[in-house]
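One structure is given here, and the rest of the page talks about it.
No value in this document is a laboratory result; all are computed from the given coordinates. Quick caveat: nothing in here was measured; it's all calculated off a predicted structure. Don't worry about glycine lacking a Cβ; one is built from the backbone with ideal geometry, like all the others, and counts go over all protein chains shown.
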Amino acid sequence: MSYKLPKPGTHKAQLLVQLLNGNVVRNSKAKNDLDTANPATAMSQLRLDDHWDDLIERKRIPSKSSTGHDVYVKEYYMTAKTIMELKDSDPRIEKYLEHHRKS
């Protein structure tokens, strides 16, 4: 199934724009960037409901919590190759990014 572009102004859209701009998204940082308590929900919806899962890479980074416990931070990103292929094959991508640059 092909991917869907999320409605502008949503948390999913903000995450997708960050990824398409080549940024790495970490759940811990996205919490502040998106002003939401649970950015993992938005990322999950983007990946699974909007069918971006095959295009978004992810890895678990070992870290320490503020209380000193061992935890893992999730990182999400798109490879430069994936981003270029998306832009080359789907003209909606560049229009989507342009729209978000203006808003």
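Summing Cβ point charges (Lys, Arg +1; Asp, Glu -1) relative to the Cα centre of region 1-101 gives a dipole of roughly 260 debye.
Neighbours of residue 12 by Cβ distance under 11 Å: Lys/Arg scored +1, Asp/Glu scored -1, total +1.
Counted by Cβ distance under 15 Å from residue 2, the other residues give a net charge of -3, where Lys and Arg count +1 and Asp and Glu count -1. Mean separation of Cα pairs under 8 Å and 6 or more residues apart, divided by the residue count, gives region 11-102 a relative contact order of 30 percent. Shown in residue order for region 83-88 are the 3J(HN,Hα) couplings computed by the Karplus curve 6.51 cos²θ - 1.76 cosθ + 1.60 at θ = phi - 60°: 4, 5, 5, 5, 5, 6 Hz (x for Gly and Pro).
In region 11-102, a dipole from Cβ-located charges (positive for Lys and Arg, negative for Asp and Glu) runs towards its positive end, and of 55, 66, 19 it is 66 whose Cα lies farthest in that direction.
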